[in-house]
Amino acid sequence: MGDALTHLSPSGEARMVGVGHKPETEREALASAWVTLKPETLACLMEGSVPKGDAAAVARVAGIMAAKRTWELIPLCHPLALSGVDLEVCFHPPRRVEIRARVGTHARTGVEMEALTAVSVAALALYDMLKGLEKGIEIGPIRLLEKRGGQGGEWSAAPLGEGPDPAPAKGT
C-alpha cells in the first residue's frame, strides 16, 4: 500500500483520480448484502405473496439500475460502460436473504463500487417492498467478496469473522 492518498490533491482537497494512463483490462467484482427478516416475511417473499408484488424482481432491477448509475451517486467514481451486471436474490430460511451482484467491464478502473452499490440499493428496494409486512428488517453486512483485473490483480475477502479486527471509527 502506497503512502500517497490518491483521491487527495497535493493541498489535501478531494479529487477524481486520473486513470487515462492505465491500460484497459477486463475487470470484475462480486459483492453481497444480507437482509434479515422474520420467518413469516421470508415465507411471503418466497411464495410470491408480497402485497406490493414480486419483491425479488424489483430488487434485482433496482440493483442493476444502481450499478449503471454509481458514478452519479458516489462523488469520485468514474462513469463506466458496464459489460454486465448479474444480480441474484438467494433465500436462506428461516430468516435471511443474500443479494449478490457480479459486475464486469473492460476499462481503466475497477467495478468494486458498482457491485457494492448494486447490492446496497437492491437491499433497500427489498426493504421498501417488504416494509408493509415488517418494519424491523435488518440490512447488513454489505461487503466486497472478490475482485479481479487491473494492477491489483485478484483479491478475495476472508470469510466473515476471520479477518483482522476493524479499526475503530474516528471519534470513538
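Shape summary of the range 25-151, radius of gyration then Dmax from alpha carbon positions: 14.9, 47 Å.
Karplus-based coupling profile of the range 43-56, in residue order and whole Hz: 4, 4, 4, 5, 7, x, 10, 6, x, 7, x, 6, 5, 5, with θ = phi - 60° in 6.51 cos²θ - 1.76 cosθ + 1.60 and x standing for Gly or Pro. Sparsely packed loop sites in the range 97-139 (the GluC sites (Glu not before Pro) outside DSSP H, G, I, E and B with at most 14 other Cβ atoms within 10 Å) comprise Glu134.
In order along the range 97-106, phi translates into HN-Hα couplings of 10, 10, 10, 10, 10, 10, 10, x, 7, 10 Hz, rounded to whole numbers, per the Karplus curve 6.51 cos²θ - 1.76 cosθ + 1.60 with θ = phi - 60° and x for Gly and Pro.
For the range 25-151, a crude dipole built from +1 on the beta carbon of Lys and Arg and -1 on the beta carbon of Asp and Glu, taken about the Cα centre, is about 180 debye to the nearest 20. Within a straight-line Cα-Cα reach of under 17 Å, Lys52 can be paired with the following lysines, leaving aside sequence neighbours fewer than 8 residues apart in one chain: Lys131, Lys135. Estimated at 0.36 nm per residue, the fully extended path between Glu13 and Glu146 surpasses their Cα-Cα distance by 44.9 nm. Residues Lys135, Lys68, Lys38, Lys147 in ascending order of nearby Cβ atoms (within 10 Å, fewest first): Lys135, Lys38, Lys68, Lys147. Compute the relative contact order of the range 25-151 as a whole-number percentage, counting only Cα pairs closer than 8 Å that sit 6 or more residues apart in sequence. Relative contact order of the range 25-151: 46 percent.
No value in this document is a laboratory result; all are computed from the given coordinates. This structure is a prediction, so every number in the text was calculated from the model and none was measured. Don't worry about glycine lacking a Cβ; one is built from the backbone with ideal geometry, like all the others, and counts go over all protein chains shown.
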